[in-house]
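In what follows, a single structure is set out as structure tokens and then discussed.
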Amino acid sequence: MVALTLPDGSVRRYDGPVSGAQLAADIGPGLAKAAIAVRLDGELADLGLPITRDTQVAIVTRKDERDALELVRHDAAHVMAEAVQELYPGTQVTIGPTIENGFYYDFARAEPFTPEDLEKIEKRMHEIVDRDEPLLREVWEREAAIEFFKTKGEAYKAQIIEGIPAEQDIRLYRQGEFIDLCRGPHLPSTGKLGHAFKLMSVAGAYWRGDSRNAMLQRIYGTAWRDEKELKEHLHRLEEAEKRDHRRLGREMGLFHQQEEAVGNVFWHPKGWTLWRTVEAYMRRRLENSGYTEVRTPQLIDRKLWEASGHWEKFRDAMFTAEAEDRILALKPMNCPGHVQIFRQGIKSYRDLPLRMAEFGACHRNEPSGALHGLMRVRAFTQDDAHIFCTEDQITSETIAFCELLQSVYRDFGFEKILVKFSDRPEKRAGTDATWDKAEGALKAAVDAAGLSWELNPGEGAFYGPKLEFQLLDAIGRLWQCGTLQVDFVLPERLDAAYVAEDGAKHRPVMLHRAILGSFERFLAILVEHHAGRFPLWLAPVQVVVTTITDAANEAAQAVADKLKAAGIRVEVDLRNEKINYKVREHSLAKVPLIYVLGEREAKEGTVSIRRLGDQKQEVLALDEALARLRSEATAPGA
């Protein structure tokens, strides 16, 4: 007798083994048609797998987003491999996992794949889907499987099997004439995959990621539950390309990067104006929230990094220098320096909470292959702060921080925020009891802040659990920016203490927190979120004053001078060019407002106003235009 407990708590009993497919059919024809897999005691499994014991069972359908996408992308990789071997016999299939938004497979083939090849492969994939080939799970003897793939000329597959631990089954999946090594699970048949997939690109990849090994060809694809999701994804990619901060950075004259300073940024005047605008806003918000700003050294002796635990954890990512037989490191983060400031003088419980902020310049030796514009650099500035508090203050400080963070994000144009709770990693400092206390305190605090959160297992910092705040941008992408971490470990390691009400010394709790994360990355996100069309208060150049005729040059300069005196960021364009040319040029640079003056405007004391993206013009008296501009250009909270 097999008892199957369903998600609603009901139990179905069978005299012997039964498959998920049969269970779905017994529940109803609609579910039988929609079923694509099962979860057995929480583990995803093939729909046709016999269930031989009492089990918690959930039928998986395409409505189950996470599971459905994993299965669809996994099967798309297998269907692609089948298509490749049908079209190009002799090609070896190696490894093909699912990845974010899609899948890839690495192939060993002498001839390079071309864009035309990808079109052929994709077409054959659609044909395989239409064939509706059953995906059949088989368990083989190890030696038989090795011999099978060697006989087929699949040396890579044979090598993979040889490396599988002896206690693990050797599972193969058969679809038509194609057989592949895989642990599964899979959809019931290729027809269940559907046609919502597309091959995207081909790139080189070393076997097992080792440059000493052979170079393979990696074909990337994307796959979704239906055509609508695929279309939306492709639209996001198109929009992402248009919004790429590297391209917009060039067009808007914000910054550049070059080989002589890999992973660093050359900020141009307009880009640095944007930076300073964001920095001034953040400094104002922090001051109003009770933070004091500090500055800590760039180069610090390795002894402090060893004491804090960062030397052991981050040594490979730290830039070092030697001076007078001492090894110094450029700081990769600000935390130990802030503890040193806290330790100066005697601190009382009356001094807590102490909120210490720093726009700290940090350096990390990121691999060159991981660098990406402003998103990932080697030199960056964190909007870092550490709150030294008592255990009783964790909840109130968390609530205050979450409110501040949400308000800041709204001011920058981000309305939706997702929260992840990251608990203890495998490699960590501190005892399990300390981690239990830290995780319990942070969970209680985020719940008190009224925020819903999702568990992110094992992704906490090495000294404490953390909240990760993700922003949803204008085209639906998530960006992890802000963090809040509860740390009982670093104050202990670096001997931070305060005098409590009982007259004894106690360790403070250290809350590590950031809102932007790093200025560089956040500015890149801002550029892409707004597609360079910043709200007026953020725009590096808020107004360009330009002319139709030289006769208006003097009046245009006078208008610009008046705007500048009012605190408006303004440029003057008096070039002897056609007005349409000048308007197009400044529109490409994403200038929000263009004030145009001809002879009439110069004579009447008016300006003709063109807004970015708007074909209409508005003519206003200069004083009225300036009053509106002042109101619109004022930074939030200023």
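The values are calculated or read from the model by the stated rules, or taken from the named source; none is laboratory data. Here the structure is a predicted model, which is why all the values come from computation and not from measurement. Cβ: placed from backbone, ideal geometry, glycine included. Neighbour counts: every protein chain shown. Accessible surface is based on the protein model in full, side chains and every heavy atom, while ligands, DNA and RNA are left aside. Shrake-Rupley method; radii C 1.70, N 1.55, O 1.52, S 1.80 Å.
Kindly indicate the residue of the range 19-54 that is more than 37 Å from the chain's Cα centre (by Cα) and open to solvent by less than 10 Å² (accessible area, probe 1.4 Å) and also farthest from ARG225 (Cα to Cα) among those meeting that condition.
For the range 19-54, the residue satisfying everything is ILE51.
Quick one: which strands (runs of 3 or more DSSP E) sit completely within the range 523-638 and have at least 3 residues that are over 30 Å from GLY373 (Cβ atoms) and in contact with a strand residue (DSSP E or B) (Cβ under 7 Å, 6 or more places away or on another chain)?
On the way: elements: 543-547, 570-573, 593-597, 606-611, 617-621.
The strands (runs of 3 or more DSSP E) meeting that bar are 543-547, 593-597, 606-611, 617-621.
Which residue is nearest to the chain's Cα centre (by Cα), if the candidates are limited to the range 1-13 and must be surrounded by 10 or more Cβ atoms within 10 Å (Cβ to Cβ) and part of a loop (DSSP other than H, G, I, E, B)?
Checking each candidate, the answer is PRO7.
Every residue in the range 430-479 that is open to solvent by 30 Å² or more (accessible area, probe 1.4 Å), in contact (Cβ under 8 Å) with a residue 40 or more places away in the chain and either among the hydroxyl-bearing types (Ser, Thr, Tyr) or not in a loop (DSSP other than H, G, I, E, B) (or both), please.
THR434, LYS437, ALA444, ALA448, LYS466, LEU472, LEU478, TRP479
A quick yes/no check of all residues on (1) of a type in the set (D, E, K, R); (2) farther than 16 Å from ARG628 by Cβ; (3) under 33 Å from the mean Cα position of the chain (by Cα):
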{"site": "GLU571", "(1), (2), (3)": "yes, yes, no"}
{"site": "ASN576", "(1), (2), (3)": "no, yes, no"}
{"site": "LEU593", "(1), (2), (3)": "no, no, yes"}
{"site": "LEU597", "(1), (2), (3)": "no, yes, no"}
{"site": "VAL607", "(1), (2), (3)": "no, no, no"}
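Here's a check for you: in the range 140-163, which residue that is outside any helix (DSSP H, G or I) and among the acidic types (Asp, Glu) is surrounded by the fewest Cβ atoms within 10 Å (Cβ to Cβ)? First the steps, then the outcome.
Step one: of the range 140-163, the residues outside any helix (DSSP H, G or I) are 140-141, 152-154, 163.
Now restrict to residues that are among the acidic types (Asp, Glu): 141, 154.
Values: GLU141: 10, GLU154: 23.
Checking each candidate, the answer is GLU141.
Could you check how many residues of the range 365-379 are outside any strand (DSSP E or B), under 15 Å from GLY517 (Cβ atoms) and either open to solvent by 20 Å² or more (accessible area, probe 1.4 Å) or in contact with a Phe, Trp or Tyr (Cβ under 6 Å, 6 or more places away or on another chain) (or both)?
2
In the range 164-211, which residue that is hydrophobic (A, V, I, L, M, F, W, C) and open to solvent by 60 Å² or more (accessible area, probe 1.4 Å) is nearest to GLU127 (Cα to Cα)?
The first filter runs over the range 164-211 and keeps only residues hydrophobic (A, V, I, L, M, F, W, C), leaving 164, 166, 170, 172, 178-179, 181-182, 187, 193, 196-197, 199-200, 202-203, 205, 207.
Still in the running and open to solvent by 60 Å² or more (accessible area, probe 1.4 Å): 166, 200.
Working: ALA166: 38, MET200: 18 Å.
Only one residue tops the list, namely MET200.
Looking at (1) open to solvent by 10 Å² or more (accessible area, probe 1.4 Å); (2) in contact with a Lys or Arg (Cβ under 9 Å, 6 or more places away or on another chain), which is the only condition ALA500 fails?
(2)
Among GLY48, GLY16, which is the only one that is under 20 Å from GLY191 (Cα atoms), touching a residue at least 12 places away in the same chain (Cβ under 8 Å) and assigned to a loop (DSSP other than H, G, I, E, B)? Lay out the reasoning, then the answer.
Working: GLY16 fails: under 20 Å from GLY191 (Cα atoms).
So the residue among GLY48, GLY16 that is under 20 Å from GLY191 (Cα atoms), touching a residue at least 12 places away in the same chain (Cβ under 8 Å) and assigned to a loop (DSSP other than H, G, I, E, B) is GLY48.
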